[in-house]
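Okay, so here's the structure we're looking at.
The values are calculated or read from the model by the stated rules, or taken from the named source; none is laboratory data. Small disclaimer: the values here were computed from a predicted structure and weren't measured. With ideal geometry, Cβ positions are generated from the backbone for all residues, glycine too; neighbour counts draw on all protein chains shown. With ligands, DNA and RNA removed, areas are computed over all heavy atoms of the protein, side chains included. Shrake-Rupley method; radii C 1.70, N 1.55, O 1.52, S 1.80 Å.
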Amino acid sequence: MQFFRKSMLELIIQTSTNLPPDVRQAMGVALKIESPTTQAGQALAIIGKNIDMAHEVEGAICQDTGFPTFEIKTPVGVNQIVMKKEILSAIAEATKQGKLRPNSVDSITGKNSGNNLGPGTPAFYFEQWEEDRIEVRLLLKGGGCENKNIQYSVPCTLDHLGRADRDLQGVKKCILHSVWQAQGQGCGPGALGVCIGSDRASGYHIAKLQLFRSLDDVNPDPKLAKLEQEIMQDANKLGVGTMGFGGKATLIGCKIAAANRLPASFFVSVAYDCWAFRRLGVLIDTKTGAIAKWLYRDPNRPVERLVAEGKGFKLTGREVRLQAPLSEATVRALKVGDVVLVNGPMVTARDAAHSYLLHHESPCDLRGAILYHCGPVMMREGDQWRVAAAGPTTSIREEPYEADIIKRFGIRAVMGKGGMGKKTLGALKEFGAVYLHAIGGAAQFYARCLSATGVDLLEELGVPEAMWHFNAKDFVAIVTMDSHRNSLHEDVSAATGVELEKVGAGKS
Ligand code: SF4
């Protein structure tokens, strides 16, 4: 198995940088059905371009390169201990090469291991089979969509849908509810893996396993095949749309399994994956460790571009140019729906930096600043840092902190994805600030607009959580919460809630 480590490194790099054909095809359909003039259409055009760019430069599709889950089948007699060691080494190497972001954090100390290795990371599931080759499948699932996974214990009562009973109708209600509750926070259009039954822990695992199914397959169980089809139709009537901006493309796949359960329990477990649906697999020659075959794709068929050269996202000339630092008058003039082009300095801050700022003085002047919710992939080149991937992270995690941070430091714009809650909306009005929505996962697209000018708290917080200073050039974002108490997220949530009610009652 002399080539096994090399094969695993190739699998990891390809999974992180090149979306599989079934996902590309589904995203191509989404691009076709959404009008290019809507916010969702513009977001999709940026996503399509980002997918193409990631493949061209072999860069991470999204800066959150996700939690690696390996599903491995081996013939009897293969040494799984050695395989595991080689995979760990390949993960560390892929991290060193910037194909994976350092993503493994000690849950007690908060320290990032720096190489994506640590207790429980990555996840391995080995199984033996009768074939003579080794099968390795890899899923890289990011935190934004992982946080939107949800588990229902039926019977239960659901917003807009009422009671969900212990039958297929009740299961359907739960799955539709899972799509609605994700809104834009999981970077839709999304894909679902679902498990009906089992226990709590195995239910989630079986749900995640469904994400290894190809998006275009048909469930061998006719009842589940019908349910999958119905969910696809109904979920795409809700109007959540790309990034929760409203629109027709809400779901690109739904794969459902059923497992036996205890008489007393009935769980419906949903694994929500984002449009950056990164999973691939290989068959390995047991003697050499070389890749014998790729799963999900034909390596002899060239990767087709999602957006034709010269097409896709275009500036209209109606965009508002913002030059940071921002004044109160500038942000008070902005309204929900404005497309802005950000220029000048911005500073990143995620969970750890928000917590730090709440208890310490800021290491830099934040008056008039744009605070970017982003944990970038950064590469050290000599004494410089290069921005390798830098899309937004989910903002709602900072809801408990943001209003205080805006007030204390005089922040004028918070930028991230998925929107924020009532407390932040109130602070935007009271202190004169705005929420800018960048396109989730568009890590390569945005990396081209940013150059690094410095960093604070790198030692203390690690690469993704440090406060990076960027200089932005024409960074595209959309105002989704303004200083007049308007929130696109509240509007879409309410409107899609009404649609959910109709779909649940069979009136849509
Ligand atoms: S596309 Fe969005 S949800 Fe998916 S990994 Fe990237 S940031 Fe997370």
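Some points to look at:
- Residues being open to solvent by 20 Å² or more (accessible area, probe 1.4 Å) and within 16 Å of the ligand (Cβ to nearest atom) - total across the range 140-179: 6
- Of all the listed residues (ARG408, ARG397, ARG386), the sole one being in a strand (DSSP E or B) and either within 13 Å of the ligand (Cβ to nearest atom) or open to solvent by 40 Å² or more (accessible area, probe 1.4 Å) (or both) is ARG386.
- Residue, nearest to HIS373 (Cα to Cα), within the range 411-429, restricted to residues that are free of Cβ contacts under 8 Å to residues at least 40 places away in the same chain and open to solvent by 10 Å² or more (accessible area, probe 1.4 Å): GLY421
- Restricting attention to the range 39-74, the residues that are within 15 Å of the ligand (Cβ to nearest atom) and at positive phi total 1.
- If the condition is being part of a loop (DSSP other than H, G, I, E, B) and either open to solvent by 60 Å² or more (accessible area, probe 1.4 Å) or more than 16 Å from the ligand (Cβ to nearest atom) (or both), then the range 372-383 contributes GLY382, ASP383.
- So PRO363, is it assigned to a loop (DSSP other than H, G, I, E, B) and within 16 Å of the ligand (Cβ to nearest atom): no
- Of all residues making up the range 125-139, the number that are away from the ligand (no atom under 16 Å from the Cβ) and either under 21 Å from GLY186 (Cβ atoms) or touching a helix residue (DSSP H, G or I) at 6+ places or on another chain (Cβ under 6 Å) (or both): 2
- Condition check for GLU402: of a type in the set (D, E, K, R), over 15 Å from THR480 (Cα atoms) and open to solvent by less than 10 Å² (accessible area, probe 1.4 Å): yes
- Lone qualifier among ALA60, ALA40 - being over 22 Å from LEU209 (Cβ atoms), in contact with a strand residue (DSSP E or B) (Cβ under 6 Å, 6 or more places away or on another chain) and small (Gly, Ala, Ser): ALA60
- TYR435 satisfies every condition listed in (1) modelled with pLDDT of 95 or more; (2) on the phi > 0 side of the Ramachandran plot except (2).
- Residue-level check: of (1) at pLDDT 95 or above; (2) surrounded by fewer than 24 Cβ atoms within 10 Å (Cβ to Cβ); (3) farther than 17 Å from GLY142 by Cα; (4) not aliphatic (A, V, I, L, M), GLY48 misses just (2).
- Enumeration of residues in the range 268-302 that are more than 16 Å from the ligand (Cβ to nearest atom), closer than 26 Å to GLY186 by Cα and part of a loop (DSSP other than H, G, I, E, B): TYR296, ARG297
- Any hit, the range 463-477, residues being open to solvent by 20 Å² or more (accessible area, probe 1.4 Å), small (Gly, Ala, Ser) and in a strand (DSSP E or B): no
- Identity of the residue in the range 15-38, open to solvent by less than 20 Å² (accessible area, probe 1.4 Å) and outside any helix (DSSP H, G or I), that ends up nearest to the ligand (Cβ to nearest atom): LEU19
- Hits in the range 430-445 - residues which are more than 16 Å from the ligand (Cβ to nearest atom) and either open to solvent by 10 Å² or more (accessible area, probe 1.4 Å) or assigned to a helix (DSSP H, G or I) (or both): GLU430, PHE431
- Among the residues of the range 107-119, some residue qualifies, meaning at least one is free of Cβ contacts under 8 Å to residues at least 24 places away in the same chain, among the hydrophobic types (A, V, I, L, M, F, W, C), open to solvent by 30 Å² or more (accessible area, probe 1.4 Å) and farther than 18 Å from LYS6 by Cβ.
- Test: residue in the range 84-91 that is within 16 Å of the ligand (Cβ to nearest atom) and open to solvent by less than 40 Å² (accessible area, probe 1.4 Å): no
- Subset tally (residues that are more than 21 Å from GLY41 (Cα to Cα) and either open to solvent by 20 Å² or more (accessible area, probe 1.4 Å) or among the aromatic types (Phe, Trp, Tyr) (or both)) for the range 327-341: 6
- Some residue of the range 215-230 being in contact (Cβ under 8 Å) with a residue 60 or more places away in the chain and either more than 24 Å from PRO36 (Cα to Cα) or buried (at least 17 other Cβ atoms within 10 Å of the Cβ) (or both): yes
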